[in-house]
There are 2 protein chains.
Amino acid sequence: MKIGLIGLGIMGKPMAKNLLKAGYDLAVSDLNRSAVEEAVAAGAKSASNAEIGADCGVVLTMLPNSPQVKAVMLGEDGVAVHMKPGSTLIDMSSIDPMVSKEIASELEKKGIEMLDAPVSGGEPKAIDGTLSFMVGGKREVFDRHKEILGAMGASVVHCGGVGAGNTTKLANQIIVACNIQALSEAMTLAKMAGVDPQLVFQAIRGGLAGSTVMESKAPMMLEGNDRPGFKIDLHIKDLNNALDCAHSVGAPVPMTAQVQEVFQWLHSHGCGGDDHSSIIKYYRMLTGLESL
Amino acid sequence: MKIGLIGLGIMGKPMAKNLLKAGYDLAVSDLNRSAVEEAVAAGAKSASNAEIGADCGVVLTMLPNSPQVKAVMLGEDGVAVHMKPGSTLIDMSSIDPMVSKEIASELEKKGIEMLDAPVSGGEPKAIDGTLSFMVGGKREVFDRHKEILGAMGASVVHCGGVGAGNTTKLANQIIVACNIQALSEAMTLAKMAGVDPQLVFQAIRGGLAGSTVMESKAPMMLEGNDRPGFKIDLHIKDLNNALDCAHSVGAPVPMTAQVQEVFQWLHSHGCGGDDHSSIIKYYRMLTGLESL
């Protein structure tokens with residue numbers, strides 16, 4: 001079966017290579033010519049979005065955010081116009097789950113199936129093919145396409161109907177952002193009270209306060225390492241989607257709103273490209289601490 | 001060497017029994033006669049606070065909060081009046097680290113050493129003798145008394161000078177409270193958006209959002225189990241100390257302040273005795289969800 005992938009950014013490019021490695025017949029499309037050429041050198045065919053829609057039984061998209069997915073799929077002469085009944089869109093972008101549902105409902109009118117399948121793991125796991133896919137859509141459609149996602153990921157979990165993948169991703173991003181801020185706040189208090197945050201880390205990591213965020217981000221905070229990892233600007237995008245989704249469904253998200261404001265403040269102070277653990281900088285700027 | 005323990009509450013009583021099991025010559029004191037009788041039946045001697053101060057080279061205290069520790073130690077005819085130069089106070093209560101420092105500085109005038117050594121782990125670990133001690137005080141004083149704490153705990157970590165134990169405990173409590181709220185907020189959003197929180201839990205626990213809080217509290221939230229564990233009212237006490245400490249040292253704690261308000265709201269709605277994972281009830285009340 002022919003597969004098409006639209007979007008060869010930081011994530012999409014290594015994902016394309018893993019699909020090729022797994023033996024899939026892959027057509028690719030991106031506005032960035034050099035990314036397309038790199039994929040072609042690895043064995044892909046270059047195609048237009050319209051060609052991908054017309055020729056591929058499965059269309060994958062890996063795009064920045066909701067508006068791009070909507071425009072590419074449903075815009076004038078969008079991919080949906082060209083896709084055949086019985087074909088499937090798997091959108092791997094991280095977008096507002098309400099938009100996933102909207103796109104799915106448009107595609108359904110044309111007999112096209114859809115899965116929303118955002119990932120967690122970032123560029124290193126995209127390269128290694130060990131991403132975690134959180135997938136929404138019909139069980140039967142999920143089962144039929146699980147193997148394709150498995151070529152790019154170590155974990156492929158079905159979370160419910162269309163939108164459930166992105167909703168799960170938003171829940172993940174809320175927890176990660178809040179945990180980073182909690183860690184930053186606690187470590188700043190310790191430092192200001194004269195206690196070495198490194199000792200605090202050692203004393204509490206094994207208890208109820210322990211977390212993957214603590215294990216991966218406390219050392220970065222302690223070293224003053226702000227290399228992404230996952231950029232603040234991307235986390236801002238995800239939390240905007242979380243807030244939009246929350247407003248649509250009537251869920252209260254006061255903690256998410258406040259951490260988003262911290263991220264926004266950091267963005268407006270030139271830190272948007274730093275790793276999201278740079279929330280510690282917000283606390284350092286408030287306290288004048290040069291380091292933890 | 002004779003050891004005295006003042007405070008035989010939920011935590012102090014099993015800790016006394018573990019000291020006796022380890023062979024220490026233990027005198028105990030508490031306003032609650034039946035707790036004293038239980039400790040005496042296990043091998044302890046009953047004594048007044050004054051007798052403990054006069055007779056014991058090491059005085060342990062396990063009391064509710066800063067005012068009680070201050071009153072027992074430094075109040076009129078307090079224990080400090082009776083303690084001899086060269087003796088040591090080990091305060092195992094969870095209190096404001098600023099108060100720990102204040103007490104230590106009064107005791108120092110009389111040649112009495114002090115460690116602040118709050119614990120994490122709760123009643124089950126107090127019974128098993130597997131508490132985690134976070135200890136502040138001089139290294140040499142810590143080394144001399146580590147074995148006593150080892151009779152009650154699985155982990156005994158030196159975190160810095162006096163107050164560092166309680167500061168570390170506050171950092172721990174800030175992180176735990178915020179993580180519980182983040183988990184509650186994320187799961188509520190998922191549920192309101194139509195996704196099964198159990199599937200969200202399964203999909204994200206292995207990734208960056210994973211934490212000990214998630215592993216121990218998500219199942220309680222999903223089952224509607226609010227049995228403590230650790231009561232909201234105790235977490236309120238700890239966060240009040242965190243806020244007091246933060247105000248003293250000039251540390252910004254906006255996230256702690258907001259989770260404290262959530263706890264207070266739950267307290268005023270009759271949930272103070274519930275497990276701290278009952279933050280989920282705040283979200284359930286706002287959304288009308290009967291369960292996760």
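The values are calculated or read from the model by the stated rules, or taken from the named source; none is laboratory data. These numbers were taken from a predicted model, which means no experiment stands behind them. Virtual Cβ from ideal backbone geometry, glycine too; neighbours counted across all protein chains shown. These area figures cover heavy atoms from the full protein model, side chains too; ligands, DNA and RNA do not enter into them. Shrake-Rupley method; radii C 1.70, N 1.55, O 1.52, S 1.80 Å.
Tabulated data
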| item | result |
| --- | --- |
| Meets criteria (in a helix (DSSP H, G or I) and more than 9 Å from every other protein chain (Cβ to nearest Cβ)) for B:Met220 | yes |
| Scan of the stretch A:241-258 for residues that are within 8 Å of another protein chain (Cβ to nearest Cβ), part of a helix (DSSP H, G or I) and open to solvent by less than 20 Å² (accessible area, probe 1.4 Å), ordered by number | A:Ala242, A:Cys245, A:Ala246, A:Met255, A:Thr256 |
| Condition check for A:Ser46: farther than 15 Å from A:Val162 by Cα and of a type in the set (Ser, Thr, Tyr) | yes |
| Pick from the stretch A:196-230, criterion touching a strand residue (DSSP E or B) at 6+ places or on another chain (Cβ under 7 Å) and charged (D, E, K, R), ranking: least open to solvent (accessible area, probe 1.4 Å) | A:Asp226 |
| Answer from B:Ser87, B:Ser94 - the residue that is without any contact (Cβ under 8 Å) to a residue 60 or more places away in the chain, polar (S, T, N, Q) and in the same structural domain as B:Met11 (by TED's automatic domain parsing) | B:Ser87 |
| Residue in the stretch B:145-166 that is basic (Lys, Arg) and in contact with a Ser or Thr (Cβ under 9 Å, 6 or more places away or on another chain) present | no |
| Residue ranges of helices (runs of 4 or more DSSP H) in the stretch A:1-92 with at least 2 members in contact with a strand residue (DSSP E or B) (Cβ under 7 Å, 6 or more places away or on another chain) | A:12-21, A:33-41, A:49-55, A:66-74 |
| Tally, over the stretch A:164-205, of residues that are over 14 Å from B:Ala171 (Cβ atoms) and more than 7 Å from chain B (Cβ to nearest Cβ) | 6 |
| Residue in the stretch B:61-75 that is surrounded by fewer than 18 Cβ atoms within 10 Å (Cβ to Cβ), within 14 Å of chain A (Cβ to nearest Cβ) and not hydroxyl-bearing (Ser, Thr, Tyr) present | no |
| Test: residue in the stretch A:76-90 that is at pLDDT 95 or above and within 14 Å of chain B (Cβ to nearest Cβ) | no |
| The one condition in (1) under 14 Å from A:Met152 (Cβ atoms); (2) in contact with a Leu (Cβ under 9 Å, 6 or more places away or on another chain) that A:Ala80 fails to fulfil | (1) |
| Residues satisfying the stated conditions in the stretch B:132-151, i.e. open to solvent by 10 Å² or more (accessible area, probe 1.4 Å) and without any contact (Cβ under 8 Å) to a residue 60 or more places away in the chain | B:Ser132, B:Lys138, B:Arg139, B:Glu140, B:Asp143, B:Arg144, B:Lys146, B:Glu147, B:Gly150 |
| Lone unmet requirement of (1) farther than 24 Å from B:Ile180 by Cβ; (2) at the interface with chain B (Cβ under 10 Å from one of its Cβ atoms); (3) of a type in the set (A, V, I, L, M, F, W, C) for A:Val213 | (1) |
| Residue list for the stretch B:260-291, filter: part of a loop (DSSP other than H, G, I, E, B), touching a residue at least 24 places away in the same chain (Cβ under 8 Å) and away from chain A (no Cβ under 12 Å) | B:Gly272, B:Gly273, B:Asp274, B:Ser291 |
| Filter result for the condition that a residue is on the phi > 0 side of the Ramachandran plot and buried (at least 21 other Cβ atoms within 10 Å of the Cβ), over B:Gly7, B:Gly86, B:Gly23, B:Gly53 | B:Gly7 |
| From the options A:Asp274, A:Asp238, residue that is under 30 Å from A:Glu102 (Cα atoms), of a type in the set (D, E, K, R) and buried (at least 19 other Cβ atoms within 10 Å of the Cβ) | A:Asp238 |
| Among the residues listed as B:Ala154, B:Ala164, the single one being touching a residue at least 60 places away in the same chain (Cβ under 8 Å), under 27 Å from B:Glu113 (Cα atoms) and under 27 Å from the mean Cα position of the chain (by Cα) | B:Ala164 |
| Residues of the stretch B:116-129 that turn out to be more than 8 Å from every other protein chain (Cβ to nearest Cβ), open to solvent by 30 Å² or more (accessible area, probe 1.4 Å) and under 14 Å from the mean Cα position of the chain (by Cα), as a count | 3 |
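Conditions (1) hydrophobic (A, V, I, L, M, F, W, C); (2) more than 22 Å from B:Pro254 (Cβ to Cβ); (3) without any contact (Cβ under 8 Å) to a residue 12 or more places away in the chain, marked per residue:
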residue	(1), (2), (3)
A:Ala190	yes, no, yes
A:Val195	yes, no, yes
A:Arg227	no, yes, no
A:Lys237	no, yes, no
A:Gly250	no, yes, yes
